[in-house]
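Read through the structure below, which is laid out as structure tokens, and then see the notes.
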Amino acid sequence: MIDLTVPEIRHKLQTATAEEFAVLERSLVADTRKGVRQAVEVARRRLAAEAAEAERLAALYAFEQALAAERGGSVVLGLDEVGRGPLAGPLAVGGVVLGPGEPIAGLNDSKQVAPEDRERVAARVREGARAWTVQYVEPAEIDRVGMTAALRGAFGRAIAAVEAAGVVPDVVLLDGNPLHLDEREVNVVKGDGKCASIAAASIVAKVARDHLMEEYDGQYPGYGFASNKGYGSEGHMAAIRELGLTPIPRRSFCTTFTQESRF
């Protein structure tokens with residue numbers, strides 16, 4: 001390949017599969033050009049990262065299928081909540097039964113996925129899932145019944161919504177501590193980083209809730225909901241002190257703020 005220019009070789013290496021790279025690497029072993037050696041190393045690192053990501057994704061799917069197999073089933077519903085800690089806006093609970101096919105690239109705990117990538121991954125989840133749902137718990141209900149009861153209710157509604165879509169799970173995987181809401185419940189600590197369906201539920205719930213908070217930003221300007229998503233950022237707390245509470249706060253979370261709502 002000595003007759004090829006460095007940019008031509010770089011292009012070949014940038015698009016090479018692992019098998020193609022092995023052939024290219026052997027053919028370039030005698031090429032001492034600095035640009036070629038750098039391109040080979042970049043390609044080697046890229047393929048190593050891709051292999052590690054493929055292994056991580058395979059483990060996400062295998063982990064939950066092993067849990068299901070232990071219980072004599074194969075249909076897995078993953079549940080996860082988003083928005084437990086904000087001062088304003090609803091809690092969102094996602095539920096996903098993944099469909100067959102290739103693992104979804106980039107699937108991970110929503111906190112580990114860049115915002116611009118979450119949209120793509122969430123779309124892939126929704127398109128390929130056997131069933132999915134997002135259930136909301138409004139701030140007034142959180143204030144009235146408390147977070148644990150609110151979570152139990154939302155998780156129960158998510159299970160019912162999936163079953164109403166005609167998909168009956170053998171196992172219900174829940175991120176975190178036991179809630180004892182269903183006999184099929186299996187709890188996985190940090191499950192959004194271990195189980196594909198929980199990670200998928202985390203992402204669809206996060207994307208849905210973020211879009212809702214962006215809508216609220218237009219309804220209640222000045223609070224920065226498009227950026228803070230209702231969490232207690234310095235700007236959000238300063239806005240509450242200056243403008244008062246909107247109609248969407250969790251009042252039990254805002255006991256240090258005394259101003260009444262202007263809305």
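Mind telling me which of the residues LEU174, LEU181, LEU87 ends up being modelled with pLDDT under 95, hydrophobic (A, V, I, L, M, F, W, C), crowded, with 16+ Cβ neighbours inside 10 Å and in contact with an Asp or Glu (Cβ under 8 Å, 6 or more places away or on another chain)?
Every option except LEU174 fails the conditions.
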Within the range 141-150, take every residue that is over 10 Å from PRO90 (Cβ atoms) and either crowded, with 21+ Cβ neighbours inside 10 Å or of a type in the set (A, V, I, L, M, F, W, C) (or both) and give me the one that is farthest from the chain's Cα centre (by Cα).
VAL145
Inspect all residues belonging to the range 10-28 and state whether any of them is surrounded by 14 or more Cβ atoms within 10 Å (Cβ to Cβ) and in contact with a Gly (Cβ under 8 Å, 6 or more places away or on another chain).
yes
So how many residues does the range 190-234 have that are closer than 24 Å to LEU174 by Cβ and assigned to a helix (DSSP H, G or I)?
19
Regarding the range 39-59, can at least one residue be identified that is touching a residue at least 60 places away in the same chain (Cβ under 8 Å), surrounded by 12 or more Cβ atoms within 10 Å (Cβ to Cβ) and in contact with a Cys (Cβ under 7 Å, 6 or more places away or on another chain)?
no
Any chance the range 42-60 includes a residue that's more than 27 Å from ARG157 (Cα to Cα) and in contact with a Lys or Arg (Cβ under 6 Å, 6 or more places away or on another chain)?
no
Mind telling me which of the residues ARG33, ARG26, ARG84, ARG44 ends up being of a type in the set (Lys, Arg) and assigned by TED's automatic domain parsing to the domain that holds PRO139?
ARG84
Being within 29 Å of ALA58 (Cβ to Cβ), in contact with a Cys (Cβ under 7 Å, 6 or more places away or on another chain) and surrounded by 15 or more Cβ atoms within 10 Å (Cβ to Cβ) is the requirement here; does VAL207 meet it?
no
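The values are calculated or read from the model by the stated rules, or taken from the named source; none is laboratory data. From a predicted model like this one, the values you see are computed outputs, not experimental measurements. Glycine gets a Cβ as well: all are built from the backbone with ideal geometry, and neighbour counts include every protein chain shown.
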